[in-house]
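Enquirer: Structure in structure tokens, see below.
The values are calculated or read from the model by the stated rules, or taken from the named source; none is laboratory data. The structure displayed is predicted, hence computed values, not measured ones. Cβ placement follows ideal geometry from the backbone for every residue including glycine, while neighbour counts extend to all protein chains displayed.
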Amino acid sequence: MTGLWFFLHILGFVMWIGGGFASMHAGLGAKGESRSGLGTIARAQARIQKLVIAPGALLVTLSGLILTLRFMGAMTVAMSPWLMAMQGAGLVGALITLMIGLPTASRLGRIDPEGEAGAYFDELRGRMRVAASVSGLLALFALVAGVVYRMGG
């Protein structure tokens, strides 16, 4: 059963980080777009956030919690700093994704960038950029810390 939880944990990371890279590249490609094109890209990014990134972050968090509870029950030595780093960075990154990134992306996908809310659209894009960057860096750090831990570091 632990193998299933590890599989779900890795699958969640693939969804979270892979979706983040897809959304990031869509945003980078938007630099030359018109204001109307930005709305289309924002809607695509919102769908990626709702269907791939947020479920991946949630899956990582839930499977990580279950793996931690299983690990703590079988633990006979002190916890590794790499394991704690993975858990802390992953949890904070997932919370940023679920509590800031998802609502911001949802709002951004509903706003017309050419209308009266154009300034608000730009403000939300900036907020999304920062939240996604911080969350993505934390996810990558958690992934590296997990690999170092599993390799015996």
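Enquirer: Return the pairs, sorted by first residue and then second, in which the second residue is at pLDDT 75 or above, the first residue lies in the stretch 68-83 and is charged (D, E, K, R), the beta carbons are less than 9 Å apart, and the residues are 6+ apart or on different chains.
Expert: If the second residue must be at pLDDT 75 or above, the pairs left are 70/1; 70/2; 70/5.
Enquirer: Next up: Quick check on the stretch 107-145: of everything there that is part of a helix (DSSP H, G or I), in contact with a Leu (Cβ under 8 Å, 6 or more places away or on another chain) and touching a residue at least 60 places away in the same chain (Cβ under 8 Å), which residue is farthest from residue 31 (Cα to Cα)? Walk me through it before giving the result.
Expert: Step one: list which residues in the stretch 107-145 are part of a helix (DSSP H, G or I), which gives 107-110, 118-145.
Subset that is in contact with a Leu (Cβ under 8 Å, 6 or more places away or on another chain): 107-108, 121, 124-125, 128, 145.
Imposing the further condition that a residue be touching a residue at least 60 places away in the same chain (Cβ under 8 Å) reduces the set to 108, 121, 125, 128, 145.
Details: 108: 16, 121: 15, 125: 12, 128: 15, 145: 33 Å.
Across the stretch 107-145, the extreme among qualifying residues is 145.
Enquirer: Another question about this same structure. Kindly provide the set of residues from the stretch 113-142 that are touching a Lys or Arg at 6+ places or on another chain (Cβ under 8 Å) and either buried (at least 17 other Cβ atoms within 10 Å of the Cβ) or of a type in the set (Asp, Glu) (or both), ordered by number.
Expert: Initially, the stretch 113-142 is screened for residues touching a Lys or Arg at 6+ places or on another chain (Cβ under 8 Å), giving 113-114, 118, 124.
Scanning the stretch 113-142 gives 113, 114, 124.
Enquirer: Of these, 80, 36, 23, which one is in contact with a Pro (Cβ under 9 Å, 6 or more places away or on another chain) and not aliphatic (A, V, I, L, M)?
Expert: Working: 80 fails: in contact with a Pro (Cβ under 9 Å, 6 or more places away or on another chain); 23 fails: in contact with a Pro (Cβ under 9 Å, 6 or more places away or on another chain).
It is 36.
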